[in-house]
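Written below as structure tokens is the structure these notes are about.
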Amino acid sequence: MRHLFNKLPASVAVALTVTGLSLPMPARAQTYPIDCAILLCLSGGWPASVPCARARAEFIRRITPWPVEPPLQIWRCPMGASYESDRPLNSAGRIFEAFYQTDSRRPPQSLQVHDLVPTDQALRLVQDRADIDISGPEFNFVRSIRVFDVRYARQHESGRDGDCNRSATVVLGTYGTQGDFSWQRSSVTALPSAHVGLERWGEHCPGIYHRSVFVDWRDYEGNYGFEQVNY
């Protein structure tokens, strides 16, 4: 995890300390949005820790029907300090400034994320995408996440003429360049090989009725992972 900390932008490095992962810099805040923990634990391959166990549980809960939600909602993790300002932002420097500008009137242990933002500047809300530029390759692990919602897949033989009837509704959720999430139509044949339950789809005509949500991803190092929830 230490080499990952060195490679990721300052915004992510700061958040790693706040989520409670084992790194040398002490955390100043006692609370932090769960999506920051999901982001960082996912990037590191879900290392064994209490914060990462909680983050993974929430990641899976979100794809457990119904409804099916984006498992990572990166727009809920304030990685950057996007201020209403006329001057251009330097993401790395401003993020460190935002997280570590403390108020001397309050003890450090009482600080929340919003306490670490200068009071004379209002945060500009960023909807449905990351609040810093994550288009670089270090954030490919975010764009690797895929959510396959098999709303139903049915295969059965017609009793009268012996024809095989097949019908299915599958949608695929993916992340865009800046972490924005969207759904599109997909198909049973597009499901990853790790998906279980439709291996006999299209093979003669065994009776099948299947519903599931399948999510897969690759971490920062490119290691593959997945989870499936049947319902």
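Please treat every number below as a calculation from the coordinates, not as lab data. Predicted, not measured: the structure shown is a model, and the values here were computed from it. Quick reminder, even Gly has a Cβ in these numbers, built from the backbone with ideal geometry, and neighbours come from all protein chains shown.
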Query raised in the report: So what's the net charge close to Gln73: Lys and Arg +1, Asp and Glu -1, counting the other residues with Cβ under 14 Å from its Cβ?
Result: -2
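For a quick protection proxy, order the peptides 177-187, 157-167 by their average other-Cβ count within 10 Å, most packed first. Don't skip to the end; give the middle numbers.
Numbers: 177-187: 15.3, 157-167: 9.8.
Sorting 177-187, 157-167 by mean packing, highest first, produces 177-187, 157-167.
Between Arg61 and Asp161, what's the calculated FRET efficiency when r is the beta-carbon distance and R0 is 45 Å? Round to 0.05.
Efficiency at R0 = 45 Å is approximately 0.50.
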Report task. Could you work out the local net charge near Gly45, counting Lys and Arg as +1, Asp and Glu as -1, over the other residues with Cβ closer than 12 Å to its Cβ? Result -> 0
**Report entry** Rg and Dmax [Cα atoms of the stretch 142-205; Å; Rg one decimal, Dmax integer]
**Finding:** 15.0, 52
Query - Estimated inter-spin distance, Glu221 and Ala190, nm [label 7 Å along Cα→Cβ] - result: 3.1 nm
Requested in this report: Would you mind counting up the charge near Ala153? Only other residues with Cβ under 15 Å from its Cβ, with Lys and Arg at +1 and Asp and Glu at -1.
Outcome: +3
